[in-house]
Amino acid sequence: MATHNEEFLKHLREDFMKGTLNESDVNPDPMEQFNLWFQQANESHMPESQAMTLATVEDNKPSARIVYLRKIHNNKFWFYGNYNSRKGRSLEKNPNASVNFFWPELQRQIRIEGTVKKATEDNSDNYFSLRPYESKLGAWASEQSAKLGSRKELEDKLESFRLKFDGKDVPRPPHWGGWILKANYYEFWQGGISRLHDRICYELQGENWVIGRLSP
């Protein structure tokens with residue numbers, strides 16, 4: 001017997017009618033095309049337009065989570081976090097990763113693949129210095145991805161660092177910093193009628209980007 005959720009999912013349908021995407025429409029530089037779509041997403045005032053799903057693989061096991069894009073330049077995408085976290089450990093073993101942006105209000109997705117390396121310490125220091133005070137303390141208190149006995153255990157750690165840095169600048173923890181994904185593949189997805197979506201991809205071949213179309 002089908003559950004309420006199963007019945008709900010069966011009838012959950014939405015047709016995509018907000019636009020099309022053709023090879024002649026896109027910029028020959030995928031970074032410029034990304035910047036255009038990202039600007040349009042921001043101008044649409046949709047929440048969390050900078051949120052992206054980061055997918056990593058460690059020991060043939062995929063894992064995905066939402067992170068925030070913090071800088072873009074020259075086909076490089078910066079994000080930050082705890083180097084000892086699951087994503088940090090995965091990227092240390094396997095630097096190949098993918099990020100995905102989904103903007104449902106525009107019926108668009110962008111998938112980007114590439115290789116990841118750590119940002120410089122100066123870059124990480126500069127970004128950390130701009131974080132709110134409480135977020136700086138949280139970076140010290142949280143052993144990201146490690147198991148906790150209780151919420152109180154985390155709150156006690158936070159309070160201990162609050163006392164340690166009372167009246168002082170909070171430095172960046174050595175286990176916290178940035179990563180940079182260097183893109184070698186882009187895919188721009190525009191939802192289409194009857195699931196006949198437009199998918200335009202850019203593949204880096206040598207020093208040139210080659211544009212193609214994928215079946216929906």
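A short reminder: the numbers here are calculations on the coordinates, not readings from a lab. No experiment lies behind these values; they were computed from the predicted model shown. Note that each Cβ is placed from the backbone with ideal geometry, even for glycine, and that neighbours are counted across all protein chains shown.
With a cut-off of at most 13 other beta carbons within 10 Å, and DSSP calling the residue loop, which trypsin sites (Lys or Arg not before Pro) in the stretch 108-163 qualify? Please list them.
Values: sites: Arg108, Arg111, Lys117, Lys118, Lys136, Lys147, Arg151, Lys152, Lys157, Arg162; in loops: Lys147.
Those satisfying the criteria are Lys147.
Determine the sum of side-chain charges near Trp37: Lys and Arg each +1, Asp and Glu each -1, restricted to other residues whose C-beta is under 11 angstrom from that of Trp37.
Working: positive: Arg108; negative: Glu32, Glu43.
With Lys, Arg at +1 and Asp, Glu at -1, the net is -1.
In nanometres, what is the gap between the two model label sites at Asp166 and Glu32, each 7 Å from Cα along Cα-to-Cβ?
Using points 7 Å along Cα→Cβ, the separation is 5.7 nm.
GluC sites (Glu not before Pro) within the stretch 181-213: which are DSSP loop residues with at most 14 other Cβ atoms inside 10 Å?
Within the stretch 181-213, the qualifying GluC sites (Glu not before Pro) (loop, at most 14 other Cβ atoms within 10 Å) are Glu207.
Mind pulling up the Rg/Rh value for the stretch 118-216? Radius of gyration and Kirkwood radius, both on Cα. Working shown, then result.
Values: Rg = 21.7 Å, Rh = 17.6 Å.
Computed over Cα atoms, the ratio is 1.24.
Here are some values of Kirkwood radius over Cα pairs in Å: (1) 18.3; (2) 19.1; (3) 19.7. Which one was computed from this structure?
Given (1) 18.3; (2) 19.1; (3) 19.7, the calculated one carries the label (3).
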